[in-house]
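The values are calculated or read from the model by the stated rules, or taken from the named source; none is laboratory data. Treat the numbers as computed from the prediction; the structure is a model and nothing was measured. In this analysis, Cβ positions are derived from the backbone assuming ideal geometry, glycine residues included, and neighbour counts consider all displayed protein chains.
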């Protein structure tokens, strides 16, 4: 268990979380242009993703009342083998009943990277996902590249923004308590960033 309050639990993902992760993915893929996939990944493919990711990177889920309400993980920066960099994916359920889940997920991920070679986290974000860009800026990311009309979904051409955060050489010890103050400013709808 990475973190626990009276209601929110963060832990490393299990293969049994794949169905909950699929439930979170589904509306982003089917109802938005924020995720460029057009088909919802199968439970089996998500089980494989969890297992393959955890060979090299953290994969974290957030639970609320025994239901997965968010997740985040790192992956290779596309097909490049760059041990010092990882590509971030972070999602929160559209119907999440509490705020601050994304913040806790990302903070825990940063803490887990303290003893790894990762020095830079990169996010690839569809530019019209303003809430995701705000979330990343609030957590120390800066824009490194913006490519107009790079992607296409549902006959819409989409700009892609790459954002990056350099991790400090030493990440302070993080201590949580049951009196967690959630970030009430952030909405849980669309803080995700995803590989395209």
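Data table
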quantity	calculated
Output for segment 91-111, where each listed residue is part of a helix (DSSP H, G or I) and without any contact (Cβ under 8 Å) to a residue 60 or more places away in the chain	106, 109
The one condition in (1) in a loop (DSSP other than H, G, I, E, B); (2) buried (at least 18 other Cβ atoms within 10 Å of the Cβ) that residue 37 fails to fulfil	(2)
Unmet criterion (only one of (1) in a helix (DSSP H, G or I); (2) under 21 Å from residue 151 (Cβ atoms)) for residue 77	(1)
Residues located in segment 57-66, provided they are over 15 Å from the mean Cα position of the chain (by Cα) and surrounded by 14 or more Cβ atoms within 10 Å (Cβ to Cβ)	64
Residue list for segment 123-140, filter: buried (at least 22 other Cβ atoms within 10 Å of the Cβ) and assigned to a loop (DSSP other than H, G, I, E, B)	129
Residue match in segment 18-29 (condition: touching a residue at least 12 places away in the same chain (Cβ under 8 Å) and assigned to a loop (DSSP other than H, G, I, E, B))	no
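Residues checked against (1) part of a loop (DSSP other than H, G, I, E, B); (2) at pLDDT 95 or above; (3) surrounded by 17 or more Cβ atoms within 10 Å (Cβ to Cβ); (4) within 12 Å of the chain's Cα centre (by Cα):
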{"position": "89", "(1), (2), (3), (4)": "no, yes, yes, yes"}
{"position": "121", "(1), (2), (3), (4)": "no, yes, yes, yes"}
{"position": "159", "(1), (2), (3), (4)": "no, yes, no, no"}
{"position": "163", "(1), (2), (3), (4)": "no, yes, yes, no"}
{"position": "171", "(1), (2), (3), (4)": "yes, no, no, no"}
{"position": "177", "(1), (2), (3), (4)": "yes, no, no, no"}
{"position": "182", "(1), (2), (3), (4)": "yes, no, no, no"}
{"position": "190", "(1), (2), (3), (4)": "yes, no, yes, yes"}
